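A short worksheet on the structure shown next.
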Protein chains: 2
Amino acid sequence: MLEHGGRLQQAAQRYGIPRDRWLDLSTGINPVGWQGTAASPASWNRLPEEEDGLLEAAQAYYGAANALPVSGSQAAIQALPRLRARSRVGVPVLGYNEHAHRWRQAGHDVAPLATAEFAGALGGLDVLVVSNPNNPTGERCAPSQLLEWHTHLSSRGGWLVVDEAFIDTTPENSVARFAGGEGLIVLRSLGKFFGLAGARVGFVLSSPAIAQMLQEWLGPWTIAGPSRLVARAALEDQAWQESNRQRLRREGMRLVESLTHHGLKPTGGCDLFQWVVTPNAQAIHEALAEQGILTRYFGEPGPSLRFGLPATQADWQRLDSALREVAG
Amino acid sequence: MLEHGGRLQQAAQRYGIPRDRWLDLSTGINPVGWQGTAASPASWNRLPEEEDGLLEAAQAYYGAANALPVSGSQAAIQALPRLRARSRVGVPVLGYNEHAHRWRQAGHDVAPLATAEFAGALGGLDVLVVSNPNNPTGERCAPSQLLEWHTHLSSRGGWLVVDEAFIDTTPENSVARFAGGEGLIVLRSLGKFFGLAGARVGFVLSSPAIAQMLQEWLGPWTIAGPSRLVARAALEDQAWQESNRQRLRREGMRLVESLTHHGLKPTGGCDLFQWVVTPNAQAIHEALAEQGILTRYFGEPGPSLRFGLPATQADWQRLDSALREVAG
């Protein structure tokens, strides 16, 4: 299995700093996630039910007719490769590495591609996986471009898979509302913008045919009952969504400014994280860790760092002081 | 997909009785499930972590060294058939039908067998799936018998899969503590005895090799963070476990007595449900439903009914009155 999580635990041991003393910027999760009505106690004690309003809430939020709830987009990333005969699959060369891993594991021919190579490679692909925006590079594809690629692929029975895990602050860039068409598969998650990473709820927006195949593959009761209630409430909380879209845009800009100010101008990013390509990435990662600030270090293809958002004013100041010392 | 759940919803519509007026005896779930410490709010907002004490709690409760947490035993029932080359698989002819369905779906040769046929069929099988006790028949297999079958199968690279979803009130019948041996796979669930069907937490007890294959197949974060906390607390709550084992044994006997008193002597069962084979099963099912009492009706191989446990004194009286009218 690819390495996931446990990085904070490892860092705590390696640097001899207790877990609760860390400022963890190693994820792209909204640090001030949705918190609201507790799930009803009874939802723990009965099997989750379909008729609980979650589907309707998702359809309204995503503007998509077919919204299949899944246990995080991870569940869809694992299942989709099992639903196709051996295919030629393009994936981002630098991106969430579970995409490439799971398509390979299912026996497909996987081509890692830079974003700029997508268009040229399309003729030789059956499936193209695009993360929009991409993680960690922050690269974006215009919806019109994505729809053109979709038309191209679907005319040959192919798929365009668009992982929109980080798109919620810029819904105008989403192709969710087009996902009813055959061969366009959009993955959404409540883990990042809503900050509900622990709930394990995501959605696959697709044609009815693909939704049915996926549902059969994934089986019944893949999401906990309390998670369904919390997800529904978050999807219906338009006031929270609007204020958080604004807040995260501001915070995202603040992170760009802070990094730039300390000589770490981001190469790319989105509202929830910034990505810095620098030859000193490893040294900076380690120096910050010695001060109890955890970032995400990438060694390949070149050294780079990803910074998530601090939560509080004190966390911002802590990051700023540390950057001054380390990079300034 | 096989039909699951939604029966209460359907019954509510068919009989014109609102959902909250029903006495739902159609499941085998402990009607007074574990309810305790609410999950911490923060557990919704971060990715679930392995180092949260759940594993240790499960190892202690099950007496097994390898306990892989899964999203309900359903997740394991779906995954196990994917981990073997085409095999000859024996399953209970009358039992939880997802076992047969998922082995067939994965391309195996499935032989539905009566419990009495297991021993004779063993020589021609690669895998035998046993539910102990079986649902709905309540049939039991002695641990010594199961271990003999396991030795037989594992000597040829085969598997014995024991679904122990309903065994928690009679832990002396469990083979959990032997599950470290190659080819013995024990499925446990927190959905029935603990009544935590909404949490979607179960465990696969197996050899390290099988646990590793399963974990790779299932991928990361299959269980919600709050579910992990609730499951750990329930597994560690020995006082609740002991009092519920006693309570459910008493309630199980009470259900046998009540059904017997009204001429519906159970053919089999366990503490959490009783199974009644009778030519009048359908008529009784419908007559009870007209009074807002939902049982589970089986048409195959012959007509039968399964009764779960009422929760409260008022529920018991309601069942008793209805049985007097319907069956008496």
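The values are calculated or read from the model by the stated rules, or taken from the named source; none is laboratory data. All figures in this text were calculated on a predicted structure; none of them were measured in a lab. Ideal geometry is used to build each Cβ from the backbone, glycine not excepted, and the neighbour counts take in all protein chains shown.
Working carefully through the options A:Asp163, A:Asp109, find the one that is closer than 19 Å to A:Val204 by Cβ and among the charged types (D, E, K, R).
Exactly one residue qualifies, and that residue is A:Asp163.
Mind checking which residues of segment A:217-240 are more than 12 Å from chain B (Cβ to nearest Cβ), in a helix (DSSP H, G or I) and either of a type in the set (Asp, Glu) or touching a residue at least 24 places away in the same chain (Cβ under 8 Å) (or both)?
Within segment A:217-240, A:Arg232, A:Leu235, A:Glu236, A:Trp240 meet the criteria.
In segment B:9-37, what residues are within 13 Å of chain A (Cβ to nearest Cβ), in contact (Cβ under 8 Å) with a residue 60 or more places away in the chain and surrounded by fewer than 17 Cβ atoms within 10 Å (Cβ to Cβ)?
If the condition is that a residue be within 13 Å of chain A (Cβ to nearest Cβ), in contact (Cβ under 8 Å) with a residue 60 or more places away in the chain and surrounded by fewer than 17 Cβ atoms within 10 Å (Cβ to Cβ), then B:Val32, B:Gly36, B:Thr37 are the ones that fit.
So which residues in segment A:50-91 are assigned to a strand (DSSP E or B), among the hydrophobic types (A, V, I, L, M, F, W, C) and under 21 Å from A:Ser227 (Cα atoms), if there are any at all?
Residues satisfying the conditions are A:Ala67, A:Leu68, A:Val70.
Is there a residue being modelled with pLDDT under 95 and on the phi > 0 side of the Ramachandran plot anywhere in segment A:42-53?
Taking every residue of segment A:42-53 in turn, at least one turns out to be modelled with pLDDT under 95 and on the phi > 0 side of the Ramachandran plot.
Tally up the residues in segment A:43-85 that are more than 8 Å from chain B (Cβ to nearest Cβ), surrounded by fewer than 17 Cβ atoms within 10 Å (Cβ to Cβ) and more than 29 Å from B:Trp217 (Cβ to Cβ), please.
Number satisfying all stated conditions: 6.
Scan segment A:148-170 for residues that are hydrophobic (A, V, I, L, M, F, W, C) and in contact with a Leu (Cβ under 8 Å, 6 or more places away or on another chain) and jot them down.
Within segment A:148-170, A:Trp149, A:Leu153, A:Trp159, A:Leu160, A:Val161, A:Val162, A:Ala165, A:Phe166 qualify.
Say we look at segment B:141-166 and pick out the residues that are touching a residue at least 60 places away in the same chain (Cβ under 8 Å) and closer than 25 Å to B:Gly269 by Cβ; which of these is farthest from the chain's Cα centre (by Cα)?
Once the filter is applied, the top-ranked residue is B:Val161.
Could you say which residue among A:Leu214, A:Leu259 is within 14 Å of chain B (Cβ to nearest Cβ) and over 18 Å from A:Lys192 (Cβ atoms)?
On inspection, the qualifying residue turns out to be A:Leu214.
Suppose we keep only residues that are surrounded by fewer than 16 Cβ atoms within 10 Å (Cβ to Cβ) and among the basic types (Lys, Arg) within segment A:137-191. Which one would you say is nearest to A:Gly120 (Cα to Cα)?
The selected residue is A:Arg156.
Can you name the residue in segment A:97-136 that is within 14 Å of chain B (Cβ to nearest Cβ) and surrounded by fewer than 18 Cβ atoms within 10 Å (Cβ to Cβ) and is also modelled with the lowest pLDDT among such residues?
Applying the filter and picking the extreme gives A:Asn97.
Kindly check whether there is at least one residue in segment B:159-174 that is within 14 Å of chain A (Cβ to nearest Cβ) and at pLDDT 95 or above.
Looking through segment B:159-174, at least one residue is within 14 Å of chain A (Cβ to nearest Cβ) and at pLDDT 95 or above.
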